[in-house]
1. Specify the inter-centroid distance of the range 187-210 and the range 12-74, based on alpha-carbon positions, in whole Å.
2. Based on the Cβ-Cβ distance of Phe166 and Leu21, what FRET efficiency does E = 1/(1 + (r/R0)^6) give at R0 = 35 Å, to the nearest 0.05?
3. Among the helices of the chain (complete DSSP H runs), which have Cα atoms covering no less than 20 Å along the helix axis and a Kyte-Doolittle mean of at least 0.5?
4. What relative contact order, as a whole-number percentage, does the chain give when Cα pairs under 8 Å and 6 or more residues apart are counted?
5. Determine the share of the range 1-150's accessible area contributed by carbon and sulfur atoms, expressed in whole percent, with a 1.4 angstrom probe.
6. To the nearest 0.05, what FRET efficiency results for Arg126 and Arg203 with a Förster distance of 30 Å applied to their C-beta separation?
7. In Å and whole numbers, how far do the C-alpha atoms of the range 97-210 stretch along each principal axis, longest first?
8. Whole number in Å², please: accessible area per residue of the range 82-210, 1.4 Å probe, ligands, DNA and RNA not counted.
Amino acid sequence: KIVNKFSGIIVIPFALLVSALFETYFPTMLNIVFPNLNFVYNDRILTTYLAFWLIGCYIGKNYDYFVSVIKKNFAAISTIFGVVLILCVYFSYMAFNGFAYVPFMNLLHFIYVVCTIIFLYALALRIPKGIFEKIPLIKSIDGASYHIYLWHMLVLLITNELINSFAITRQSTAFIIRVLITYSVTITLCIIYEKLKKTISARIQKKRAV
């Protein structure tokens, strides 16, 4: 209803503001009402991801227009993404290694995520159609992409616990471990799950047809 009644020009900036504020300041807001509450899960509530959901709704409604804009502005999108990436890497390095306090780190990371999604989609649009069908691994990843999206955070949280348990403090080492374990485990398990689901579904349908 929101998408049909209101313009994205009004809704999306508001949703971005709400998501950015809640991701960073929701625990502080709660402390005003509940001073003794130590809430650390603001990264897992709907308001933090409200902007992504609404942007997806508006894109779905105006998909052809969105694609045309992305294709025409690939150079600008790439430049913005590159600048934000450099800023995010630099300030993350400074913050996570204790060299400086970066109060806007969550906001910068939020902007980075938005830019990354748009850049990767713009990049995917430049890949010739049908090429994914020719590479079995990429085809399997594409088929399991929704599950990868849902499950990767669980694997990442477990990986972080392992990193802490082994007292790995070097950020570069921890980052490499996160990437290797999260990508390899999530993609592998999701592909296996998708194949098993299809196999079981096919057998059930076959039995029903008999």
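1. Their Cα centres are 35 Å away from one another.
2. Values: r = 35 Å, r/R0 = 1.01.
According to the calculation, E is roughly 0.50.
3. On the way: long enough: 8-33 (33 Å, 1.75); 74-96 (32 Å, 2.15); 105-125 (30 Å, 2.12); 145-165 (30 Å, 0.76); 171-209 (56 Å, 0.37).
Sorted by number, the helices that extend far enough and score high enough are 8-33, 74-96, 105-125, 145-165.
4. Across the chain, relative contact order equals 16 percent.
5. Carbon and sulfur: 71 percent of the exposed surface of the range 1-150.
6. FRET efficiency, Arg126 to Arg203: 0.15.
7. Sorted from largest, the Cα extents of the range 97-210 read 67, 38, 22 Å.
8. Accessible surface, normalised per residue, equals 75 Å².
The values are calculated or read from the model by the stated rules, or taken from the named source; none is laboratory data. No experiment lies behind these values; they were computed from the predicted model shown. All Cβ positions, glycine included, derive from the backbone under ideal geometry; neighbour counts span all protein chains shown. Accessible surface is based on the protein model in full, side chains and every heavy atom, while ligands, DNA and RNA are left aside. Shrake-Rupley method; radii C 1.70, N 1.55, O 1.52, S 1.80 Å.
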